[in-house]
Structures are given as structure tokens and as C-alpha cells.
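First the structure, in the form of C-alpha cells, and then the observations on it.
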Amino acid sequence: MRDGLRESLSETERDVLRLSAQGYTMNDIADRLCKSVDTIKACKRNLFAKMGVKNIAEALFHATNYQMI
């Protein structure tokens with residue numbers, strides 16, 4: 001994972017990562033952030049691309065290891 005990743009994530013991407021770690025579903029996250037499910041899906045795609053991962057499990061693993069959440 002590259003340096004400066006934490007700073008490159010948008011506030012919404014950080015929120016999605018944090019709420020996913022807390023066990024919230026995509027629908028729950030959309031409701032809590034007052035955004036559409038499609039927006040959350042796009043946010044997750046961008047997050048995965050920035051982190052170089054393929055799914056939320058990998059993203060959470062790396063985020064935990066790099067103390068991002």
C-alpha cells in the first residue's frame with residue numbers, strides 16, 4: 001500500500017471504511033451518510049482502487065494493519 005493513502009481518501013471513503021469495519025451494510029451506510037446506495041457503491045470502488053484491493057475484507061485488513069481505522 002502506498003504512502004499518503006490515508007490523506008488521499010475522501011471523507012466519505014473514510015466514513016465508508018469505518019462504518020464497514022463496524023459491521024454496517026451498504027444500505028445502512030447509505031442511510032447513515034444520507035447518500036444513495038449507488039453513491040456508496042461508487043465510493044467503495046474508488047476506495048478499493050486507491051487501496052489496491054479487490055473487496056471489503058482486504059480493505060479492512062489493510063486499513064487495520066495501517067491503523068487507518
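The values are calculated or read from the model by the stated rules, or taken from the named source; none is laboratory data. Everything quoted here is computed from the prediction, not taken from an experiment. Please note: Cβ atoms are built from the backbone with ideal geometry, for glycine as well, and neighbour counts cover all protein chains shown. Ligands, DNA and RNA are stripped out before the accessible areas are found, and what is left, the full protein with its side chains, is counted by its heavy atoms. Shrake-Rupley method; radii C 1.70, N 1.55, O 1.52, S 1.80 Å.
Taking a cut-off of 18 Å, what percent of all Cα-Cα pairs in region 1-63 are separated by more than that?
Counting every Cα pair in region 1-63, those more than 18 Å apart make up 26 percent.
Can you work out the accessible area per residue across region 4-69, with the rest of the protein chains kept in place, probe 1.4 Å, in square angstrom? Before the final figure, lay out each step's value.
On the way: 4030 Å² over 66 residues.
Here the residues of region 4-69 average 61 Å² of exposed surface.
Quick check for me: using +1 on Lys/Arg Cβ and -1 on Asp/Glu Cβ, what's the dipole size of the chain about its Cα centre, in debye to the nearest 20? The partial results should precede the final answer.
Details: 11 positive and 9 negative charges, 30 e Å.
Using Cβ point charges on Lys, Arg, Asp and Glu, the chain gives about 140 debye.
Counting only protein heavy atoms and using a 1.4 Å probe, what share of the accessible area of the chain belongs to carbon plus sulfur, as a whole percent?
On the way: 2050 of 4380 Å².
Ligands and nucleic acids excluded, carbon and sulfur give 47 percent.
Taking 25 Å as R0, compute the FRET efficiency from the Cβ-Cβ separation of Asp38 and Phe61 and round it to 0.05. Show your work: numbers first, answer last.
Details: r = 26 Å, r/R0 = 1.03.
For Asp38 and Phe61, the calculated efficiency is 0.45.
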